[in-house]
Amino acid sequence: MTDEFKHRIATPDDLEALHALMVRSIAQNQSDFLTPQQVAASDKVMGLDTQLVRDGTYFLIECDGRIAGCGGWSFRATLYGGDDSVVAREPATLDPATDAAKIRAMYTDPDFTRRGIGARILALCEDAARQAGFQRVELMGTAAGVPLYRAQGYTPAAEQEYASVGDVKIPLLRMEKHFD
């Protein structure tokens, strides 16, 4: 690998590859933080949100023709969850003067962890949200994502929460960042 990373906005043609990356990412990257039951249930809480792709707010990072990571931001009220998740969806648009843009669906291919992919995607999302007039962003961090978000200046905005899938509870942490 040349480790030459390039970013672009995801398109509908990327959906199949993005879904496959997310499945791998959830299964492997969450396993050091969650029980096997929580990892298995995570597919019902996390995943691909095609609205982000349709809105043109979903980035991907490529290296040597492979998607190394992906993530986006949203001007809609939905904080987290994919098309097939058990999480309630809120497609209403946000007011940049009073609301926080949402950082959404951050995933890194397990073959590319610890190489700055997540930080790069966050920076792309933050820049785009700032250009759209937002003064702050918020996200729902998974156990695996919280260390990255803290390192990038995000702070907890609420107490630990849990998404329930049957009897399985998946820990989540709402975090925020204000732009200077």
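The values are calculated or read from the model by the stated rules, or taken from the named source; none is laboratory data. The shown structure was predicted, so the numbers you read here are calculated from the model rather than taken from an experiment. In this analysis, Cβ positions are derived from the backbone assuming ideal geometry, glycine residues included, and neighbour counts consider all displayed protein chains.
Annotations
- Test: residue 84 is part of a helix (DSSP H, G or I) and over 22 Å from residue 119 (Cα atoms): no
- Tally, over the stretch 117-160, of residues that are outside any helix (DSSP H, G or I) and either surrounded by 14 or more Cβ atoms within 10 Å (Cβ to Cβ) or at pLDDT 95 or above (or both): 20
- Which listed residue is of a type outside the set (Asp, Glu), out of contact with any strand residue (DSSP E or B) (no Cβ under 6 Å at 6 or more places or on another chain) and under 21 Å from residue 126 (Cβ atoms), from 78, 11, 50, 35: 78
- Test: residue in the stretch 56-65 that is under 18 Å from residue 122 (Cα atoms), buried (at least 19 other Cβ atoms within 10 Å of the Cβ), of a type in the set (A, V, I, L, M) and under 15 Å from the mean Cα position of the chain (by Cα): yes
- Filter result for residue 132 (without any contact (Cβ under 8 Å) to a residue 40 or more places away in the chain, more than 15 Å from the chain's Cα centre (by Cα) and over 22 Å from residue 41 (Cα atoms)): no
- Close pairs from the stretch 165-179: first on the phi < 0 side of the Ramachandran plot and in a strand (DSSP E or B), partner at pLDDT 95 or above and among the basic types (Lys, Arg), Cβ under 9 Å, at least 6 apart: 175/150; 176/136; 177/136; 178/136
- Residue 68 being buried (at least 19 other Cβ atoms within 10 Å of the Cβ), under 13 Å from residue 8 (Cα atoms), touching a residue at least 40 places away in the same chain (Cβ under 8 Å) and among the aliphatic types (A, V, I, L, M): yes
- Matching option when the condition is hydrophobic (A, V, I, L, M, F, W, C) and touching a Phe, Trp or Tyr at 6+ places or on another chain (Cβ under 7 Å), among 94, 48, 60: 94
- The set of residues in the stretch 1-39 being under 18 Å from residue 164 (Cα atoms), surrounded by 15 or more Cβ atoms within 10 Å (Cβ to Cβ) and in contact (Cβ under 8 Å) with a residue 60 or more places away in the chain consists of 26, 30, 33, 34, 38.
- Yes/no for residue 49 being without any contact (Cβ under 8 Å) to a residue 40 or more places away in the chain, surrounded by 15 or more Cβ atoms within 10 Å (Cβ to Cβ) and touching a Lys or Arg at 6+ places or on another chain (Cβ under 9 Å): no
- Residue among 31, 42, 25 that alone is within 16 Å of residue 146 (Cα to Cα) and touching a Pro at 6+ places or on another chain (Cβ under 8 Å): 25
- Residue 15 among the aliphatic types (A, V, I, L, M), at pLDDT 95 or above, at negative phi and in contact with a helix residue (DSSP H, G or I) (Cβ under 7 Å, 6 or more places away or on another chain): yes
- Residues in the stretch 79-101 that are among the hydroxyl-bearing types (Ser, Thr, Tyr) and more than 19 Å from residue 133 (Cβ to Cβ) were compared, and the one that is farthest from the chain's Cα centre (by Cα) is 85.
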